[in-house]
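Participant: I have a structure I would like to understand better, so I am pasting it below and will then ask my questions one at a time.
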Amino acid sequence: MRLRDVFIEFLREKGIESISTNSFKVLDEDPVQYIARKFASGEFKIAKGRGKYCFDLSGNFVDSCSHIAWRLRDGISNTEISEKLSDFPFVVIDCSLKHIHTEKELLSLRKQIQKTLSVVRKYIWDDRLVVAGFDVDISCRKYPSVEDFLSEMNFERVVILDPNADGVFDGEKAECYIIGGIVDKSGNKKGATEKIYRRIEENGFQVERRKILLRGDVVGVPDRVNHIAEIVLKCILDGMDVEKAVYDVQNRKIARWRLRKEIARNAKKVEVSGKKFRVIERSFFDGVRKWLKVNEDDFYRCARDMGVMVLGDDFISAKALKVVGSL
Ligand SMILES: C[S@@+](CC[C@H](N)C(=O)[O-])C[C@H]1O[C@@H](n2cnc3c(N)ncnc32)[C@H](O)[C@@H]1O
């Protein structure tokens, strides 16, 4: 369940079926989630009354409303829901390796962190995002290091997302998920997340390392910090399986990288009149499009770039073509 679902349950338990607020910013996003996150952060309290913008609990506009969520002195506060709020995880971005980044990469990291806040706001609220070791001008928790944060919290289970881990992330729940604030635009930063992991462990904190895979491979898994955060939140709060979460977040460019790998794995070598060609069945695309965000153009383009011909299935099985091996 996302924060909004927990908030709706809470309001219903109190007999509240519609809610209003005065901030026009409520119009910029899911209104119930907006009010929920302002309430969870302690900024809004709820009391009887009517604000400018009224909604039912599905987020539809309504004309009248019995309660308002606003910056009130008295009213229902987040302390009444604190136990449920404490079940939501923290997303922590470790930026301790900022010194190995170029200015351009740091700019990109800053943008990815801002986007991560937008992601966090769809599922939880600002206070659940922690940025360690980087000066960012956004509403989130800020710490000099991940260790400073962990020593304050006393978590039982912390997971670090690392593409080079042995263990595979399967949507397992933890109180805290650490993502490396690393941008791979220049230089070789392979293994950088492992360095973060080793340092945290050496400093006395137990952390589980997990990689996110798409059908057994990291290729095709988007690697931006905000995308990793969204995959994790979709799995643990929406109960989505990892493959579907990766698909939802994936863009076509990243999907094409994986498509090339799949074409290379599945193409066949054939011989026609003594000449050898590399071919792939058209039906291969029907299978792959279910889990890679690619369209037919991408398929033909990738195959062409790789020198692989796309043929009808009947054509390949016809006697005219002698399959002489796979690639
Ligand atoms: C651009 S990646 C940097 C990866 C880095 N080059 C390395 O080899 O450790 C940024 C962060 O996203 C997360 N990440 C990216 N892809 C991942 C994957 N497939 N599985 C788990 N975490 C991933 C990690 O936390 C990583 O530190």
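Participant: Just to confirm, what accessible area per residue do you get for segment 155-277 at 1.4 Å probe, in whole Å²?
Facilitator: 48 Å²
Participant: Next question, about the same structure. What distance in nm separates the simple spin-label points at M306 and N22, each placed 7 Å from Cα in the Cβ direction?
Facilitator: Placing both labels 7 Å beyond Cα along the Cβ direction yields 6.0 nm.
Participant: Would you mind working out the magnitude of the charge dipole of the chain relative to its Cα centre, with +1 at each Lys and Arg C-beta and -1 at each Asp and Glu C-beta, to the nearest 20 Debye?
Facilitator: It works out to roughly 1500 debye.
Participant: Which cross-chain or sequence-distant (5 or more) residues have an amide H under 5 Å from the amide H of R209, H modelled 1.01 Å from N in plane?
Facilitator: Residues meeting the amide H criterion: I160.
Participant: Another question about this same structure. Report, by chain and number, residues whose modeled amide H sits under 5 Å from the one on F90, excluding near sequence neighbours (fewer than 5 apart, same chain).
Facilitator: Placed amide hydrogens put C176, Y177 under 5 Å from F90.
Participant: Separate question: For the chain, give the share of DSSP beta bridges that are antiparallel, in percent and rounded to the nearest 5; count only bridges with both residues there.
Facilitator: 45 percent
Participant: Which one of V225, F284, S273 has its Cα pushed farthest toward the positive end of the charge dipole of segment 217-299, where Lys and Arg give +1 and Asp and Glu give -1 at the Cβ?
Facilitator: Positive-end residue among those listed: S273.
Participant: Provide the FRET efficiency to the nearest 0.05 for the D56-Q114 pair, computing r from the beta carbons and using R0 = 30 Å.
Facilitator: 0.45
Participant: Just name one of V158, G204, I179: the one whose Cα is farthest towards the positive end of the charge dipole of the chain (beta-carbon charges, Lys/Arg +1, Asp/Glu -1).
Facilitator: I179
Participant: With charges only on Cβ, +1 for K and R and -1 for D and E, what is the dipole size of segment 90-250 about its Cα centre, in debye, rounded to 20? It would help to have the intermediate numbers written out before the result.
Facilitator: Values: 25 positive and 28 negative charges, 105 e Å.
Dipole about the Cα centre, nearest 20: 500 debye.
Participant: Can you pull the one-decimal nm distance between simple spin-label points at E296 and R71, each 7 Å off the Cα toward Cβ?
Facilitator: Spacing of the two 7 Å Cα→Cβ label points: 5.6 nm.
Participant: Roughly how large, in nm² to one decimal, is the mean projection of the convex hull of the alpha-carbon atoms in segment 29-156? Walk me through the numbers before you get to the answer.
Facilitator: Details: hull surface 38.6 nm².
Taking a quarter of the hull surface, the average projection is 9.7 nm².
Participant: Then there is this: Would you mind getting the Kirkwood hydrodynamic radius of segment 90-250 from its Cα pairs, rounded to one decimal in Å?
Facilitator: Its Kirkwood hydrodynamic radius stands at 15.6 Å.
Participant: List the GluC sites (Glu not before Pro) within segment 101-160 that DSSP assigns to loop and that have no more than 12 neighbouring Cβ atoms inside 10 Å.
Facilitator: Of the GluC sites (Glu not before Pro), the ones in loops of segment 101-160 whose Cβ has at most 12 other Cβ atoms within 10 Å are E156.
Participant: Pairs K189/K261; K14/K38; K14/K244; K45/K98; K48/K84: which are spaced more than 28 Å apart, C-alpha to C-alpha?
Facilitator: From K189/K261; K14/K38; K14/K244; K45/K98; K48/K84, over 28 Å: K14/K244; K45/K98.
Participant: Expressed as an acute angle from 0 to 90° and rounded to the nearest 10, what is the orientation of the C-alpha long axis of helix 252-266 relative to the principal long axis of the chain?
Facilitator: Tilt of helix 252-266: around 40 degrees.
Participant: With axes computed from alpha carbons, what is the tilt in degrees of helix 31-40 against the longest principal axis of the chain, rounded to the nearest 10 within 0 to 90?
Facilitator: 60 degrees
Participant: With θ set to phi - 60° and the Karplus curve 6.51 cos²θ - 1.76 cosθ + 1.60, what are the ³J(HN,Hα) couplings of segment 157-173 in order, to the nearest whole Hz, using x for Gly and Pro?
Facilitator: In residue order, the calculated couplings are 9, 10, 10, 10, 7, 8, x, 9, 6, 7, x, 9, 6, 10, x, 5, 7 Hz.
Participant: Which percent, nearest 5, of DSSP beta bridges in segment 90-250 are antiparallel?
Facilitator: Close to 5 percent.
Participant: What shape does segment 164-222 take by its C-alpha gyration tensor, where a ≥ b ≥ c are the square roots of the eigenvalues and a/c under 1.5 counts as rounded, a/b above b/c as prolate, and the rest as oblate?
Facilitator: In terms of gyration-tensor shape, oblate.
Participant: Moving on. Output wanted: per-residue J couplings in Hz (rounded whole) for segment 200-208, from phi through Karplus 6.51 cos²θ - 1.76 cosθ + 1.60, θ = phi - 60°, x for Gly and Pro.
Facilitator: Values, residue by residue: 4, 5, 4, 7, x, 10, 8, 9, 9 Hz.
Participant: Ignoring the sites themselves, what is the longest stretch of the chain with no trypsin sites (Lys or Arg not before Pro) in a DSSP loop and at most 15 other beta-carbon atoms within 10 Å?
Facilitator: By the stated rule (loop sites, at most 15 other Cβ atoms within 10 Å), 74-156.
Participant: Give me the tail of P(r) for the chain as a percent: Cα-Cα pairs with distance above 32 Å.
Facilitator: More than 32 Å apart: 44 percent of the Cα pairs in the chain.
Participant: Expressed in nm to one decimal, what extension gain is obtained for the pair L106 and R289 from 0.36 nm per residue of sequence separation less their Cα-Cα distance?
Facilitator: Computed gain between L106 and R289 is 62.5 nm.
Participant: Counting only protein heavy atoms and a 1.4 Å probe, tell me what percentage of the chain's accessible area is made up of carbon and sulfur.
Facilitator: Working: 7670 of 16410 Å².
Carbon plus sulfur share of accessible area: 47 percent.
The values are calculated or read from the model by the stated rules, or taken from the named source; none is laboratory data. The structure presented is a predicted model; accordingly, all values stated were derived computationally and were not measured. Note: ideal-geometry Cβ built from the backbone for every residue, glycine included; neighbour counts use all protein chains shown. Ligands, DNA and RNA are stripped out before the accessible areas are found, and what is left, the full protein with its side chains, is counted by its heavy atoms. Shrake-Rupley method; radii C 1.70, N 1.55, O 1.52, S 1.80 Å.
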